[in-house]
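Notes for the one structure printed next.
The values are calculated or read from the model by the stated rules, or taken from the named source; none is laboratory data. Only a predicted model underlies this, so the values are computations on that prediction, with no experimental measurement involved. Cβ placement follows ideal geometry from the backbone for every residue including glycine, while neighbour counts extend to all protein chains displayed. The protein model used for the area step is the full one, side chains on, heavy atoms only, and it has no ligands, DNA or RNA in it. Shrake-Rupley method; radii C 1.70, N 1.55, O 1.52, S 1.80 Å.
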Amino acid sequence: MAGVELLPKEYGYVAIVLVLYCFLNFWMAAQVGSARKRYKVFYPTMYATEAENKDAKLFNCVQRGHQNSLEMMPMFFMLMILGGIRHPLICASLGVVYSVARFFYFKGYSTGDPTKRFTIGKYSFLAMLGLMICTISFGVNMLIA
Amino acid sequence: MAGVELLPKEYGYVAIVLVLYCFLNFWMAAQVGSARKRYKVFYPTMYATEAENKDAKLFNCVQRGHQNSLEMMPMFFMLMILGGIRHPLICASLGVVYSVARFFYFKGYSTGDPTKRFTIGKYSFLAMLGLMICTISFGVNMLIA
Amino acid sequence: MAGVELLPKEYGYVAIVLVLYCFLNFWMAAQVGSARKRYKVFYPTMYATEAENKDAKLFNCVQRGHQNSLEMMPMFFMLMILGGIRHPLICASLGVVYSVARFFYFKGYSTGDPTKRFTIGKYSFLAMLGLMICTISFGVNMLIA
């Protein structure tokens, strides 16, 4: 165990951005809850069916806008936690870009037109790529330093 | 990189609570597997439909009890990992509260009445809020210390 | 805060394996995207229904192959992040076993026969068990050292 890695003080920004993302996630979940009331999709139904609900597609768009974010969330968190050890300011900034892009992904999907999720939402993938590069950088530098 | 953060020895409790939560998660997945046999919902079907299965709602309640926990799991893990660096005993305790509340969330939902998931399950949100405060505290103290 | 834990230099392998897993995840997502085109399952539909799509089961098998991996991903990440602090080489190796087993889980499920997901895919659970042991070891050693 020859190596050493200490958390830089700027890592605080990484932690704060991650908690802010949690608030965004709760907001999206609340929007889905509102959509359930508006389009009459009751628990435990996750995705409405057109046979039973004329607003099925619209509700499912809102639901998927949130669910897709949930699917990406573990990767986002892990890359921020690790990449942020070596590049805290870059990762915190990418985390803000990611969060904003995810917000617009959700808003775009919620219009009922799935293609609109990418108008601004596509930048979330650029941010994720940046975080992956930061984490690879962290990993490689641990080995060669 | 002027700052320093070292893991306190009590962080061991955080790690242990997190592994215990994994056991709870596997238990819930096993309950869903049993429900598949009992209500005849075969892979790859995720949610049963009333048109094809008279026990659809009951099965979907069990499935959602587990799936909702999976949706919250990344946030729970991330907040424990980070918040636990500064507040290991508080976070480990909140993690136990969260795990117990999640158990009852699942049991309540599994009765087939979605509202019963909140009887005790609602305390999981209080625990989550506590973990978010711990993580913000960790982040802020990294910056100002 | 009497304890101390410093990241060993081999932790770099843990970070690199985790990023490699992200690539596997993106590959699986791309396979699902291709399956959407092939079997004509359009957004926001998550799971196809036999009533509307003769290839429903085949598409749903591909979708579940990816989704099940997403459900396990947070546990895999958390156990690698924590267990890897004390056992970086073991965890990095288990992470590779896990990733390979997950690849075959997806390929097996994608044949359209759900049982084939376990032919090699079952080893992902052995790897996960190994990671849980590593994380318990990390936690216990933090407390007793």
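Here are the numbers:
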{"read-out": "Residue match in the range C:63-78 (condition: of a type in the set (K, R), within 19 Å of the chain's Cα centre (by Cα) and more than 10 Å from chain A (Cβ to nearest Cβ))", "value": "yes"}
{"read-out": "Members of the range A:18-32 that are open to solvent by less than 20 Å² (accessible area, probe 1.4 Å) and without any contact (Cβ under 8 Å) to a residue 40 or more places away in the chain", "value": "A:V19, A:C22, A:V32"}
{"read-out": "Verdict on C:T119 being touching a helix residue (DSSP H, G or I) at 6+ places or on another chain (Cβ under 7 Å), of a type in the set (S, T, N, Q) and within 11 Å of chain B (Cβ to nearest Cβ)", "value": "no"}
{"read-out": "Enumeration of residues in the range B:93-116 that are within 12 Å of chain A (Cβ to nearest Cβ), β-branched (V, I, T) and out of contact with any Gly (no Cβ under 9 Å at 6 or more places or on another chain)", "value": "B:T111"}
{"read-out": "Test: residue in the range A:85-92 that is away from chain C (no Cβ under 12 Å) and farther than 21 Å from A:L20 by Cα", "value": "no"}
{"read-out": "Yes/no for A:Y123 being modelled with pLDDT of 95 or more, out of contact with any Cys (no Cβ under 9 Å at 6 or more places or on another chain), aromatic (F, W, Y) and crowded, with 18+ Cβ neighbours inside 10 Å", "value": "no"}
{"read-out": "Enumeration of residues in the range B:116-126 that are assigned to a helix (DSSP H, G or I) and either out of contact with any Lys or Arg (no Cβ under 9 Å at 6 or more places or on another chain) or basic (K, R) (or both)", "value": "B:K116, B:R117, B:F118, B:Y123, B:F125, B:L126"}
{"read-out": "Flag if A:V62 is in contact with a His (Cβ under 9 Å, 6 or more places away or on another chain) and buried (at least 18 other Cβ atoms within 10 Å of the Cβ)", "value": "no"}
{"read-out": "Residue list for the range C:1-17, restricted to those being open to solvent by 10 Å² or more (accessible area, probe 1.4 Å) and either at pLDDT 95 or above or within 9 Å of chain A (Cβ to nearest Cβ) (or both)", "value": "C:L6, C:L7, C:K9, C:E10, C:Y13, C:I16, C:V17"}
{"read-out": "Number of the exception - C:L70 against (1) under 17 Å from C:A29 (Cβ atoms); (2) surrounded by fewer than 18 Cβ atoms within 10 Å (Cβ to Cβ); (3) touching an Asp or Glu at 6+ places or on another chain (Cβ under 7 Å)", "value": "(2)"}
{"read-out": "Matching residues in the range B:101-115 - criterion: being assigned to a loop (DSSP other than H, G, I, E, B) and among the β-branched types (V, I, T)", "value": "B:T111"}
{"read-out": "When residues of the range C:41-55 are limited to those that are more than 9 Å from chain A (Cβ to nearest Cβ) and free of Cβ contacts under 8 Å to residues at least 12 places away in the same chain, the one most open to solvent (accessible area, probe 1.4 Å)", "value": "C:K54"}
{"read-out": "Verdict on C:G130 being touching a residue at least 40 places away in the same chain (Cβ under 8 Å) and crowded, with 18+ Cβ neighbours inside 10 Å", "value": "yes"}
{"read-out": "Qualifying residue in the range A:34-54 (condition: more than 26 Å from B:S110 (Cβ to Cβ), acidic (D, E) and modelled with pLDDT under 95)", "value": "yes"}
{"read-out": "Exclusive hit being in contact with a helix residue (DSSP H, G or I) (Cβ under 7 Å, 6 or more places away or on another chain) and in a loop (DSSP other than H, G, I, E, B), set A:Y47, A:Y21, A:Y98", "value": "A:Y47"}
